[in-house]
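Here's the structure we're looking at; comments come further down.
The values are calculated or read from the model by the stated rules, or taken from the named source; none is laboratory data. Since this is a predicted model, take the numbers as computed values, not measurements. We place every Cβ from the backbone using ideal geometry, glycine too, and count neighbours over all the protein chains shown. The area values use the complete protein model at the heavy-atom level, side chains included, leaving out ligands, DNA and RNA. Shrake-Rupley method; radii C 1.70, N 1.55, O 1.52, S 1.80 Å.
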Amino acid sequence: MRTLCILSGLLISFLLQLTVMAESRIREVQNFNFDWQFIQGNQRPDSLDQLEDSDWIKVQLPHDAAISGKFSRDNSTGANGWLPYGQGWYRKQFTLDQGYSDKKIFVQFDGVYRDAEVYINGIHLGRHLNGYLGFEHDISQYLKFGRHNILLVHYDNSTKDTSRWYTGEGIYRDVRLVITDQLHIPQYGTYLTTPVVSSEQALVRIQTCVVNDYDKGKRVRLVTEIYDPNGKKVSEAVAAAPIRSGENFEFTQEIEVPSPQRWSCEQPYLYRAVTKIYDGEKPVDDYETVFGIREIRMTPDQGLLLNGEKVIAKGGDMHHDLGCLGSAALEKGYERKLLLLKSMGCNSIRLSHNPHAPVLLDLADQLGILVFNEVYDKWTSQYYGGLESFEDNWPEDLTTFIKRDRNHPSVYIWSMGNEVYKQSGKHEPKFETPEAGADYGVGLFKRMVELTHTLDPSRKVTVGLFPAREKFMVEWEHWNDYQTFIDSNPAEMAFYGDVVSWNYTENMFALDHKRFPQLMFIASESSTNLNFGTRKLSWLELDLAKVIGHYYWTATDYLGESRWPSKVWGRAFFDITDTLTPIGSLYQSFYDDTPMVHLWVYEQTGPLKEWFDKMDNKRWNWYPMSQHWNWENPLVTVQTITNADEVELLLNGQSLGTRDLTIIQQPYCDWQVSYQKGALKAVARNNGKIVAEQILTTASDPVAIKLESDVNSLKANGLDLAYIAVSLIDKNGVMVPNADRLVTFSVEGEGILAGVANSDIFSDEPWVASQKTTFQGKCLLVVRSTRNQGKVTIKAVADSLPDQTLELKCK
């Protein structure tokens, strides 16, 4: 009897635990990224059953089907980084238990590029032309419970010029299966704002949609719980309502949060709202929303105020690819880029010029990165492959975009587009008459602003303007008649948004503000302005007291928008291997409060110098320079870049002089140096005290390969990445810049080789391969984890050097 009582007690305890688990998480979300099969081509759906499993390639999502292709000048375009345009099929087989037969089951895609068609068990679910926006399908009624189901996805990216940069192709973002009740909160079903914020308390306003797909009405109770950044429950609100069959009902709740921890760039505190739906007393659905408590204001005279404090949004524009990984939206790759940007003083990014992966927005929330969030580029049918008009699609696209991202505290402004053709008075002849562009974009912009304010009244709306004035007057046509340009009015659309975001026009902000004092400004794209009329470095043209934000084109290098033989843009803070560039050094000196000094040496010959010399428009460039001290010329030009008051240059311990940067009033200065082997050192000082140093040391012949990973272990989740810096080093451990080698890699165990890269923008070597030639002594290898625990062994082999092995754990 005693044993029976103990067993009964254990059983009751176990059942209670199951009940608690069921109550704590009712909705089931399954990661659907794994165990897909892929085949290229345009086969008919009914012909796929005739294929053998061996005809398919096993892939894990996110997956870019184009990044492993060969470069082709004849069959591709510079926009696509000379990589292939194609189409293909994905297939996933899965089984669901009969116990799910009364549930609502959705498959959610964060993005498929492009023209995606989805099938479940032979049933066509729909077609999606815009590859940048996610979508979902209710597959409940088409499933075979207890038996195999087949999910098929076809994409078609064979149409060229749907973008001006590399898009990648295929299922390049996350996929999930969502299982919930017939009474549930739909995707993007909550909207949280913080209309009142103080140090004492915050008011959180929550609008929650509840859908009743039962065939009868339900009396619904809704409970919303607020958890602070430490996981402690701090507030709760309850509401109830009868919801008719087929109705989409919206609850509104206001909840007070005492002593809120406010989200900021320095302290990005995040709260969670857990919303639970009860059918009478039975819990049937729960939905979690991560949000931040913060106040954002903008004024013409102070610019951006975050929680009442003046902030300048500083950073660069970003496209969505991850270099040698292509457009596969892997969290670790985005995290790496954001952390590198923060390390040089950036606190913001502009997401150009399309909806980016949701995982990137999540990271921006977590890391304290302000986001300039943009939905479109040119306002044309390019997003739909020229098959459907922009006018017929933008309201639905914009609604999805705003609802998807409006709970992110990192998003501080909405942008409706970038350098749209209508600003110049143009129209798209295939779908529009000339009247569509006659108002220079004002009419369409006003409608987009109105819809955005309806969907999210809490944020301001803008559009990235082409660098042109009223009636599309451009600066570079008026160098000899500059006063005419100065006297002109801003572009027509500038007066119809909340904020003026202008590309490459920051030299006009102060004058336009004086004439039109209500205007507020963001430098949405900027450049070095090298050899561009009388213009200065963009940061030096700003009134920092008034400007809201400054974005350089671009933050990180990206694939495409290139001229052969270049495969990338090639002018960013960080190059395609995530290495800081001279441009990054320049803007770090403006953005970063931490003292820094960098040494660069001008290239005197070679492909980069020839490329630079041939370039007509150098406004995005800085001089071709490298960071090493192995030179052949007797006289070299050195550039120091620092945010300190003064810098001293020393060669082999002997001073070459000191420069006062407060007199120069710019962060860089050039030095003519008689080259000697040894060590070149820059010393930066504030008030006579050394605050930063950098040394370049001459390297001798290479004797080894160095493999250095950014992590010691990988997560066994199939999604984690290890970035492995590969370098040729001499006997003293100095990287050798002038004895490059072809390095062959093998990856064994619980990792796969995901990509290789070097900093040579002209390289013809593929992005996905088992070998890469070093450039100036280094290259990059990226390894992706499997879902199994174990070891990952990376081996590097190069001519006349000993093999090198690196071991990581996957756990």
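The chain: Rg/Rh from Cα coordinates, Kirkwood Rh?
0.98
Given a cut-off of under 8 Å on Cα pairs at least six residues apart, what relative contact order in percent is computed for region 118-253?
17
Measure off 7 Å from each Cα along the Cα-to-Cβ vector at E309 and K216, then give the distance between these two points in nanometres to one decimal.
In this crude label model, E309 to K216 measures out at 5.7 nm.
Taking the mean number of other Cβ atoms within 10 Å as a proxy for protection, how do you rank 128-139, 724-735, 448-459 from highest to lowest?
Result, highest mean Cβ count within 10 Å first: 128-139, 724-735, 448-459.
Where nothing but the Cβ of Lys and Arg (+1) and of Asp and Glu (-1) is charged, how large is the charge dipole of the chain around its Cα centre, in debye to the nearest 20?
Dipole size: approximately 1240 debye.
For the pair S101/H148, report the inter-label distance in nm, with labels modelled 7 Å from Cα in the Cβ direction.
Each label point lies 7 Å from its Cα, and together they span 2.1 nm.
Just by accessible area at a 1.4 angstrom probe, what is the order of K403, K70 from largest to smallest?
Solvent-accessible surface, decreasing: K70, K403.
I'd like the FRET efficiency for T637 and Q366, computed as 1/(1 + (r/R0)^6) with the beta carbon distance as r and R0 of 30 Å, rounded to 0.05.
Computed FRET efficiency for T637 and Q366: 0.10.
Given a 1.4 angstrom probe, what's the average accessible area per residue across the chain, in square angstrom?
41
Determine, for each peptide in 82-88, 255-261, the mean count of other beta carbons within 10 angstrom over its residues, then list the peptides with the highest first.
With the highest mean Cβ count within 10 Å placed first, the list reads 82-88, 255-261.
At R0 = 30 Å, how high is the FRET efficiency between K677 and D710 if r is their beta carbon distance? Nearest 0.05 is fine.
After rounding to 0.05, the efficiency reads 0.40.
Need one number: % antiparallel among DSSP beta bridges in region 427-560, to the nearest 5.
Of the beta bridges lying entirely in region 427-560, close to 10 percent run antiparallel.
Based on the Cβ-Cβ distance from L455 to E477, what FRET efficiency comes out when R0 is 45 Å, to the nearest 0.05?
Given R0 = 45 Å and the Cβ-Cβ separation, E is 0.70.
Order the following by accessible area, largest value first: L580, L599, L656. Probe radius 1.4 Å; ligands, DNA and RNA are ignored.
L656, L580, L599
Could you check how much of the accessible area of the chain is carbon and sulfur, as a whole percent, using a 1.4 Å probe?
48
Largest first, what is the accessible-area ranking of R404, R221 with a 1.4 Å probe?
Correct descending sequence by accessible area is R221, R404.
Highest mean first, what order results for 618-627, 229-238, 304-313 on Cβ atoms within 10 Å?
Going by the mean number of other Cβ atoms within 10 Å, highest first, we get 618-627, 304-313, 229-238.
Hey, which lysines would be in cross-link range of K715, C-alpha to C-alpha under 25 Å, not counting anything within fewer than 8 residues on its own chain?
Filter leaves K58, K92, K332, K337, K342, K706, K791, K795, K809, K811.
How would you classify region 692-811 from its alpha-carbon gyration tensor, with a ≥ b ≥ c the square roots of the eigenvalues: rounded for a/c under 1.5, else prolate if a/b is greater than b/c, otherwise oblate?
prolate
Which whole number of Å³ per residue matches the convex hull of the alpha-carbon atoms in region 371-506?
Enclosed volume per residue, from the Cα hull, is 110 Å³.
With contacts defined as alpha carbon pairs under 8 Å and 6 or more residues apart, what's the relative contact order of the chain in percent?
9
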